[in-house]
Amino acid sequence: MRVLDSPSPTKRARRVAGMAAVFAVAVLAVGGFIAGRATGAHGATQSIMDVDGVPVGVRHSPAGALAAADSYLGSEQQTVERDPVRFAALVREAYAPGLRDAALRAARDDRLRDPSGLALWARGGQSFVVIGAHHLDYYHGGMAEVRTWAGQVFWGPGTSPAQTWALGRTTLVWIRDRWRVSAMDTLPSPGPAPAETPQAGSRDDTTAVFDGLLRGFTAVRYGTADG
Amino acid sequence: VLDTPAGALAAADNYVAAGITASLARSELREFADALVAPAARPSLLATTARLPSPPPGTNAIGTVVAHSLVSYARARARVSAWEVGSYWGESVAPTQYWAMADLTLRFFGGRWQVTVLEERLPGPVPARIAGTSAAATAGTWSQALTGMSAPYYGMG
């Protein structure tokens, strides 16, 4: 999660200047992968398998690549700042070997650069990642690239609920039995953000309302039409 | 199409997302109701939606489920609450969001989940602080960035 660098007590409809990178900036070349043609792991009928709490994309198809990219991006955003242990598990299970060390270093650097975000989590802050839309830019069997419009909603004690959006790109490579991330970066063009939230008001835009109405809610999961 | 708790959640997520889009692009609403809503519940859903204000025809719309909760599950029956956001924009319409909570009752019939009750609580929790530049909030930016994109598919992973 990349919380705004300087969360300010803005009121609705007032824009916060500057937007922190929403996606992990991990533009790292990973060359030389000869993608395998293995079939889905574990005799899977689902496109996403849970491996030690990590959503792993195991469907070797265009739809499977989309589901994997959605799942990986969502998981990355949810954990990179807030839960480094789970983020490390994601890297171990779903990142290409050549990217792992750099991804962990980049995550550590991101956390150091965002003390306000870490403070929010330490105070019991909450967040949900939103995959708004996606596009399969290419699929060549062993490799795929997905462009994603994604957002994040976060709130907590002392931080009124806020949303942030960005466009990202995830490059995947199929290795042995699953899709693995070979690159994940934020696109420079602005991520579509709303101009209007006409419903907003004190009845529905406070931390107390969010805590109350969303207690027990969990993140959605992604998949394909056939599993 | 799986009569399991995870199957019910995945079905609800996909139905809610499709329903939001259909409610904002009314031409799709009848098709949505015919495909996913139990026959007895269709008239009520269509009548309720017709009473709500809607964006001008031709407006782009996309629905997203942010989070969910399985309220109850028993064989062939489930109740799910979903936190949803609908976004719409167009040439004469500034990019606008509405947030809501959707409460669904589902039954597993004929090999798939069907909606028997769909109630929307407006507004849902609204994250009113919006990060980003003003350029991110123009209809042009939305159209340019999202043309060709599609909503994600929700699964059981």
Somewhere in the range B:115-134, is a residue open to solvent by less than 30 Å² (accessible area, probe 1.4 Å), in contact (Cβ under 8 Å) with a residue 60 or more places away in the chain and away from chain A (no Cβ under 12 Å)?
yes
Please go through the range B:43-72 and pick out each residue that is closer than 17 Å to A:Glu196 by Cβ and small (Gly, Ala, Ser).
B:Ser54, B:Ala61, B:Gly63
Tell me yes or no: at least one residue of the range B:97-113 is within 7 Å of chain A (Cβ to nearest Cβ), within 29 Å of A:Ser47 (Cα to Cα) and not hydrophobic (A, V, I, L, M, F, W, C).
no
List, please: which pairs have Cβ atoms under 8 Å, are six or more places apart or on different chains, and start with a residue in the range A:194-220 that is within 19 Å of B:Gln97 (Cα to Cα) and end with one that is of a type in the set (Ser, Thr, Tyr) and surrounded by fewer than 19 Cβ atoms within 10 Å (Cβ to Cβ)?
A:Ala195/B:Thr138
Do we find that A:Ser127 is under 26 Å from A:Val153 (Cα atoms), under 17 Å from the mean Cα position of the chain (by Cα) and either open to solvent by less than 60 Å² (accessible area, probe 1.4 Å) or not basic (Lys, Arg) (or both) in this structure?
yes
Based on this model, can you work out whether B:Ala82 counts as under 16 Å from the mean Cα position of the chain (by Cα), crowded, with 22+ Cβ neighbours inside 10 Å and part of a strand (DSSP E or B)?
yes
Would a scan of the range A:110-119 turn up a residue that is surrounded by 24 or more Cβ atoms within 10 Å (Cβ to Cβ) and over 20 Å from A:Pro55 (Cβ atoms)?
yes
Go through (1) within 7 Å of another protein chain (Cβ to nearest Cβ); (2) not in a loop (DSSP other than H, G, I, E, B) for B:Gly148 and report which single condition fails.
(2)
Tally of residues being more than 8 Å from every other protein chain (Cβ to nearest Cβ), open to solvent by 10 Å² or more (accessible area, probe 1.4 Å) and not acidic (Asp, Glu) across the range A:44-69:
8
Residues of the range B:135-157 being aliphatic (A, V, I, L, M) and touching a residue at least 60 places away in the same chain (Cβ under 8 Å), which ones?
B:Leu146, B:Ala151, B:Met156
Residues that are modelled with pLDDT under 95, under 21 Å from A:Ala193 (Cα atoms) and over 14 Å from the mean Cα position of the chain (by Cα): does the range B:25-42 have at least one?
no
Going through B:Asp13, B:Asp3 one at a time, which residue ends up being modelled with pLDDT of 90 or more and open to solvent by less than 20 Å² (accessible area, probe 1.4 Å)?
B:Asp13
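The values are calculated or read from the model by the stated rules, or taken from the named source; none is laboratory data. Keep in mind that what you see is a predicted model, and the values were worked out from it rather than measured. Note that we place each Cβ from the backbone using ideal geometry, even for glycine, and neighbour counts take in every protein chain shown. To get the accessible areas, we keep the full protein, side chains included, count just its heavy atoms, and leave off ligands, DNA and RNA. Shrake-Rupley method; radii C 1.70, N 1.55, O 1.52, S 1.80 Å.
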